[in-house]
1. Before we move on, is residue 21 modelled with pLDDT under 95, more than 15 Å from residue 129 (Cα to Cα) and not in a helix (DSSP H, G or I)?
2. Could we say that residue 75 is farther than 23 Å from residue 17 by Cα and without any contact (Cβ under 8 Å) to a residue 40 or more places away in the chain here?
3. Here is a check on your reading of the model: is residue 31 at pLDDT 85 or above and either closer than 20 Å to residue 130 by Cα or out of contact with any strand residue (DSSP E or B) (no Cβ under 8 Å at 6 or more places or on another chain) (or both)?
4. When you scan region 48-63, do you find a residue that is at pLDDT below 90, loosely packed, with under 14 Cβ neighbours inside 10 Å and under 24 Å from residue 132 (Cα atoms), even just one?
5. Could you figure out which of (1) surrounded by fewer than 16 Cβ atoms within 10 Å (Cβ to Cβ); (2) at pLDDT 80 or above; (3) touching a helix residue (DSSP H, G or I) at 6+ places or on another chain (Cβ under 9 Å); (4) within 22 Å of residue 129 (Cα to Cα) isn't true of residue 6?
6. Please find, among 91, 96, the residue that is crowded, with 17+ Cβ neighbours inside 10 Å and under 24 Å from residue 132 (Cα atoms).
7. In region 101-120, what count of residues is obtained for those that are within 18 Å of residue 30 (Cβ to Cβ), within 12 Å of the chain's Cα centre (by Cα) and surrounded by 22 or more Cβ atoms within 10 Å (Cβ to Cβ)?
8. Could you say which residue among 77, 126, 73, 120 is under 14 Å from residue 42 (Cα atoms) and part of a helix (DSSP H, G or I)?
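The values are calculated or read from the model by the stated rules, or taken from the named source; none is laboratory data. Not measured: the values here are computed from a predicted model. Cβ placement follows ideal geometry from the backbone for every residue including glycine, while neighbour counts extend to all protein chains displayed.
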């Protein structure tokens, strides 16, 4: 089974997720509905965010400063198993992604890459509908 086939079987499984009260609960629901897609999205996000100017190694802002260039994801970038992301890394990636109304540097590139995998697309569609 390819990476998106399993999640494709659950298409529509996210109908209740966006109705949950918090972003965290909604994201957890989407991850349960599309676990393979979530991993695919993280891979695509890290491909973009793992630059020195954003979240990857080689930045100059000072480690874990909460800013781009602080090496927040240095341990996940290029790792065979990047999950789970550290809280600093996850925050940096979310900043690089931005939101649907206010896209960050990585959102257009990641969305294009994610569209090629149905599981990733389903997961991204789900979390994009979560409350802020």
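1. Working: modelled with pLDDT under 95: yes; more than 15 Å from residue 129 (Cα to Cα): no; not in a helix (DSSP H, G or I): yes.
In short, no.
2. Details: farther than 23 Å from residue 17 by Cα: yes; without any contact (Cβ under 8 Å) to a residue 40 or more places away in the chain: yes.
When the stated conditions are applied, residue 75 passes them.
3. On the way: at pLDDT 85 or above: yes; either closer than 20 Å to residue 130 by Cα or out of contact with any strand residue (DSSP E or B) (no Cβ under 8 Å at 6 or more places or on another chain) (or both): yes.
It is true that residue 31 is at pLDDT 85 or above and either closer than 20 Å to residue 130 by Cα or out of contact with any strand residue (DSSP E or B) (no Cβ under 8 Å at 6 or more places or on another chain) (or both).
4. no
5. Against the list (1) surrounded by fewer than 16 Cβ atoms within 10 Å (Cβ to Cβ); (2) at pLDDT 80 or above; (3) touching a helix residue (DSSP H, G or I) at 6+ places or on another chain (Cβ under 9 Å); (4) within 22 Å of residue 129 (Cα to Cα), residue 6 comes up short only on (2).
6. Details: 91 fails: crowded, with 17+ Cβ neighbours inside 10 Å.
Of 91, 96, the one residue that is crowded, with 17+ Cβ neighbours inside 10 Å and under 24 Å from residue 132 (Cα atoms) is 96.
7. 3
8. Values: 77 fails: part of a helix (DSSP H, G or I); 126 fails: under 14 Å from residue 42 (Cα atoms); 73 fails: part of a helix (DSSP H, G or I).
Exactly one residue qualifies, and that residue is 120.
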